[in-house]
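Notes follow once the structure below has been shown.
The values are calculated or read from the model by the stated rules, or taken from the named source; none is laboratory data. None of the values given here were measured: they were computed from a predicted structure. Heads up, the Cβs are rebuilt from the backbone with ideal geometry, glycines too, and the neighbour counts pull from every protein chain shown.
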């Protein structure tokens, strides 16, 4: 009789592998990505999905764009990493692009690996500035004002700065010295400055992403800039999600208040198009009126801050390739135009399940009407958050999106998404919304 050999065990599923060997700190959806190209993502069963989540605003040029893949190969064959003790030309070239093209203002950049790290640099800059410009009695100014529903990363400084309690639970004691205020409420900022004369900085997202896609008003931004100038307080913009073309401009606040020049800006996500990189740009201006005061961009001197991997030759080469492609293909303008078309199209539906549409460019939030969803659809509170319920329903229909809080579904497609792909996404969105409504209530 032929010898019976044991059959190899079938490979473990991704779900089983993750459950056994990774920390359960993510609420994962039932999709196993296998490959991507442009605006499309394929799973292990080779089913195609139109990706309007973009790795949460990361894949600014879509999946595997030639601008990135070719740069990875070319630079990877030359030099991947070396120490920041040496003079890495790519950092200077990337810093030049950020100062001259993105900010159009003199300043210098610090490079890191993520948005959380970029915001850490801004927070350290604020504290360093507050020590260099103390109160009249010599007390350092260390307080930082941030805003409700903000999100600034998951490090200790990041969650301390974030105006959402859910990210803080179980991690006390947090970093002291932060006050969270109502967004778009200038009177609350005036009151906080009176209560905290040791305030050194105001940190905000010009367009809040994770907190539900809320846009700072022009008057609010201009009022903050004026207060910061009057009190010699730093104005810090977190542009990790909203910057570098995402909202139809290099800078997320400029569609609202183009004349404002902040003291520092943090970037990441779309800066590398999928490659991990972050940056903090710091304005070139004296920190005080007295002669000989150092420039703000030189305040973090040798030994004050650093990172092993930040600003590697490979990261800088990829970031420059991404930014140059955004510039050459005029993707800021493309993002602005398509974003306006998307908002107008969905608004024209007057759909009973959509309560509001917010955003700029290709950072768009669709707020669900929870009461209508409960009254007119199969959705119940047992299904979880309304936003996540719809995200799952859209995924089942082949469209990937992202939840932003309990009621908002976010679209973050590549900046080079085509109009045909937008029309496909709109059709799936409309069909999925309609499918949520009971036939009887739809007929009414």
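Tell me which of these residue 304 doesn't satisfy, since it passes every other one: (1) part of a loop (DSSP other than H, G, I, E, B); (2) surrounded by 19 or more Cβ atoms within 10 Å (Cβ to Cβ).
Every condition holds for residue 304 apart from (2).
Can you find even one residue in the stretch 127-145 that is within 20 Å of the chain's Cα centre (by Cα) and surrounded by 19 or more Cβ atoms within 10 Å (Cβ to Cβ)?
Looking through the stretch 127-145, at least one residue is within 20 Å of the chain's Cα centre (by Cα) and surrounded by 19 or more Cβ atoms within 10 Å (Cβ to Cβ).
Here is a list of conditions, (1) surrounded by 12 or more Cβ atoms within 10 Å (Cβ to Cβ); (2) under 29 Å from residue 421 (Cα atoms), and residue 46 meets all of them except one; can you say which number that is?
With respect to (1) surrounded by 12 or more Cβ atoms within 10 Å (Cβ to Cβ); (2) under 29 Å from residue 421 (Cα atoms), residue 46 is out only on (1).
Looking at the stretch 326-444, what strands (runs of 3 or more DSSP E) fall wholly within it and have at least 3 residues that are more than 22 Å from the chain's Cα centre (by Cα) and surrounded by fewer than 22 Cβ atoms within 10 Å (Cβ to Cβ)?
Passing ranges: none, list empty.
Which ones in the stretch 193-227 are assigned to a helix (DSSP H, G or I) and surrounded by fewer than 21 Cβ atoms within 10 Å (Cβ to Cβ)?
193, 194, 195, 218, 219, 220, 222, 223, 225, 226, 227
Inspect the stretch 205-220 for any residue being touching a residue at least 12 places away in the same chain (Cβ under 8 Å), over 30 Å from residue 409 (Cα atoms) and touching a helix residue (DSSP H, G or I) at 6+ places or on another chain (Cβ under 9 Å) and give the result as yes or no.
No - not one qualifying residue is present in the stretch 205-220.
For every residue, the table says whether it meets (1) in the same structural domain as residue 114 (by TED's automatic domain parsing); (2) touching a helix residue (DSSP H, G or I) at 6+ places or on another chain (Cβ under 6 Å).
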residue	(1), (2)
21	no, no
37	no, no
42	no, no
46	no, no
58	no, yes
79	yes, yes
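Any residue at all in the stretch 163-183 that's in contact (Cβ under 8 Å) with a residue 60 or more places away in the chain, within 19 Å of residue 263 (Cβ to Cβ), out of contact with any helix residue (DSSP H, G or I) (no Cβ under 6 Å at 6 or more places or on another chain) and surrounded by 16 or more Cβ atoms within 10 Å (Cβ to Cβ)?
no
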